[in-house]
Amino acid sequence: MMQRWLRFGIPLLAALWLTGCGFHLRGSTNLAFSRLAVQGPNGPLLIELKRQIAATTATRITDDAKQAQAVFILLQDATSQVPMAYNADGTVAQYQLVETARFELLTPGGDVLISPTTITQTSSLSYSTSATLAKANEADLLYRGMRQDMVNRIMFQLAAVRPGRSGANAAASAP
């Protein structure tokens, strides 16, 4: 009897606890438009955003802005490393990794759905000259994670856009 309880009861209690706390897997995102033109410098952020839109929404990406219901424009995508701390010998001991994206969402006619918005992600990276390659790989992983967080934030803002709302209202409702 005790083995049966352990085998079935504990997983059942865990499942009930997870549903009770509001946990759910991230599903698809509902965007208010079925066709979206994505424009801007073709870098890792734009590629990841296109991939995320294609994988998690019913929205299709089009190359022609005139055929789209909305036009996403990536105005800026920049990464940088800022020295934050130095060793006694004057070498850098810690960097702050920064990725910044600036974007806007317009209708094909030029009406603003999301006014120009800047999103910045930062992360700290300790540095050692004896592990240069490992730290470069770690920096790449951190940038990838920051980029994915930025894509999720952009997707959240795109999902908050509703037809008929002005850019100020759409931007004010999203974080």
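The values are calculated or read from the model by the stated rules, or taken from the named source; none is laboratory data. Fair warning: this is a prediction, and the values are worked out from it, not measured in the lab. Here the Cβ is made from the backbone with ideal geometry for all residues, glycine too, and neighbour counts use every protein chain on show.
Exactly one residue among Ala136, Ala131, Ala65 is among the aliphatic types (A, V, I, L, M) and more than 20 Å from Gly43 (Cα to Cα), and that residue is Ala131. Flag set for Ala160, criterion: under 30 Å from Ala65 (Cα atoms), free of Cβ contacts under 8 Å to residues at least 24 places away in the same chain and either surrounded by 14 or more Cβ atoms within 10 Å (Cβ to Cβ) or aliphatic (A, V, I, L, M) (or both). Would you mind stating whether Ala170 is surrounded by 12 or more Cβ atoms within 10 Å (Cβ to Cβ), in a helix (DSSP H, G or I) and at pLDDT below 90? For Ala170, the condition - surrounded by 12 or more Cβ atoms within 10 Å (Cβ to Cβ), in a helix (DSSP H, G or I) and at pLDDT below 90 - is met. The strands (runs of 3 or more DSSP E) found entirely in region 36-146 that carry 2 or more residues being buried (at least 19 other Cβ atoms within 10 Å of the Cβ), touching a residue at least 12 places away in the same chain (Cβ under 8 Å) and in contact with a strand residue (DSSP E or B) (Cβ under 9 Å, 6 or more places away or on another chain) are 70-86, 92-106, 112-126. All told, Leu105 falls short of being within 30 Å of Leu36 (Cα to Cα), of a type in the set (A, V, I, L, M), out of contact with any helix residue (DSSP H, G or I) (no Cβ under 9 Å at 6 or more places or on another chain) and at pLDDT 95 or above.
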